[in-house]
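Student: Can you keep this structure in mind? I'll have questions shortly.
None of the figures in this text is laboratory data; all of them are computed from the coordinates on show. Please read all numbers here as calculations on a predicted model, not as lab measurements. Using ideal geometry, Cβ is built from the backbone for each residue, glycine included, and neighbour counts are taken over all protein chains shown.
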Protein chains: 2
Amino acid sequence: MVFEEKKISSERIYEGAILNLRKDTVTAPKGKAYREIVEHNGAVAIVPITNDGKLVMVKQFRYPTGKVILEIPAGKIDQGETDPLLTAKRELKEETGYTAQNLHYLGKLNPSVAYTEEVIHLYAATGLTPGETSFDDDEALDIVEYDFQEAYQMAASGKLVDAKTIAAIFMAKEQLDIK
Amino acid sequence: MVFEEKKISSERIYEGAILNLRKDTVTAPKGKAYREIVEHNGAVAIVPITNDGKLVMVKQFRYPTGKVILEIPAGKIDQGETDPLLTAKRELKEETGYTAQNLHYLGKLNPSVAYTEEVIHLYAATGLTPGETSFDDDEALDIVEYDFQEAYQMAASGKLVDAKTIAAIFMAKEQLDIK
């Protein structure tokens, strides 16, 4: 049996727009320990595959990394959204313009188990119909399409860096048996 | 060209043990925006493969998730550690007891590009020799070994949830051409 930490006390440090921060004192194998925890409402990410086998990706400046990152479409679950599937449909439409006939649930992802509560729900989207995008005011992104196998090789070889993107491309290939 | 946000001002919110938090005001396509950023010293994660083809994993209660998580050995880059390769050797030894003849760099991972600066360096470790573990005082974990292909299937099918683990198993299989 692995030791399970229990909360002794909790201190709220910050309440923000996309995250909160708290510091918990917990039981530890030897006495007690402190855990700094990012609270986050969760997110979705989508592997959109067009009818001719292209993977639809987005390029976006990600301020914390200081770089333009190539990733699959994704977004936060808004307050009040209770079904991640609907969030996935909304984000796919907003960021790429596509609506999907089929959304296949690939699984959920914990991006950083040491300090964040965030969970990312992963979907593969097929049967795509193009349409208009609608970005948020503080969002700017370019849409790029890659042959799925080329994107897969980029993920496998370390040319992509976004964790959800690498995991989701791999899971989509295996679960949808994409050749 | 994707719009690149520039810092206008920065507010320090918290300085902690494993992370700091700051809030930056940045330029946005329409005026300005706020970014909440977790500062983190970075981490390493290792895919250790024994001479008989087993993947060495660890089971650990991860407080932010409220669950016991099955993941590959990993750990923070300590202050003063400048070479992630040495951190990888140290963490592999501490958490599993193994020393590795070969450490192959798989690539780097951004676990959550929207709000954390954390970068995780991924390695595959082969040519393993067993030895003694030495856990940190606030660390408690079980070591479990899986046939590599079984772990790969668990990652592919959504049975694993830790992002670095899923990405690294996939990248190791492709880059080391594990059959």
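Student: Assume the label is 7 Å from Cα along Cα to beta carbon: what separations in nm does A:ASP147 have to the matching positions in the other copies?
Tutor: Listed shortest first, these distances are 3.4 nm.
Student: Under 12 Å between alpha carbons, and skipping anything fewer than 8 positions from A:LYS59 in its own chain: which aspartates and glutamates qualify?
Tutor: A:GLU71, A:GLU95, A:GLU139, A:ASP142, A:GLU145, A:ASP162, B:GLU4
Student: Can I ask one more? Students often get this wrong, so check it: of A:LYS67/B:LYS173; A:LYS93/A:LYS164; A:LYS32/B:LYS76, which have C-alpha atoms separated by over 24 Å?
Tutor: Listed pairs above 24 Å: A:LYS67/B:LYS173.
Student: Bin all alpha-carbon pair distances of the stretch A:5-140 at 10 Å intervals from 0 and give each bin's fraction as a whole percent.
Tutor: Over the stretch A:5-140, the share of Cα pairs per 10 Å bin runs 11, 34, 30, 15, 8, 1 percent.
Student: Looking at the square roots a ≥ b ≥ c of the eigenvalues of the Cα gyration tensor of the stretch A:8-66, which shape do they give, rounded for a/c under 1.5, prolate if a/b is larger than b/c, or oblate?
Tutor: Values: a/c = 3.59, a/b = 2.50, b/c = 1.44.
Prolate, since a/c reaches 1.5 and a/b exceeds b/c.
Student: Could you tell me how many degrees, from 0 to 90 and to the nearest 10, lie between the Cα long axis of helix B:84-96 and the main elongation axis, the longest principal axis, of the Cα atoms of chain B?
Tutor: 50 degrees
Student: Using a 10 Å cut-off around each Cβ of peptide A:30-39, what is the average number of partner chain Cβ atoms that fall inside? Please report the intermediate quantities before stating the final value.
Tutor: Working: counts 6, 2, 1, 6, 4, 6, 10, 3, 8, 1.
Neighbouring Cβ atoms belonging to other protein chains average 5 per residue here.
Student: Counting each DSSP H run of 4 or more residues in chain A as -39500 (n - 2.57), what helix-only mean residue ellipticity at 222 nm follows after dividing by all residues, to the nearest 500 deg cm²/dmol?
Tutor: The per-residue figure over chain A is -6000 deg cm²/dmol.
Student: Rounded if a/c is under 1.5, else prolate if a/b beats b/c, else oblate: with a ≥ b ≥ c from the C-alpha gyration tensor eigenvalues square-rooted, which is the protein assembly as shown?
Tutor: oblate
Student: Distance between Cα centroids, the stretch B:115-179 to the stretch A:40-75: provide it in whole Å.
Tutor: Taking the Cα centre of each part, the stretch B:115-179 and the stretch A:40-75 sit 24 Å apart.
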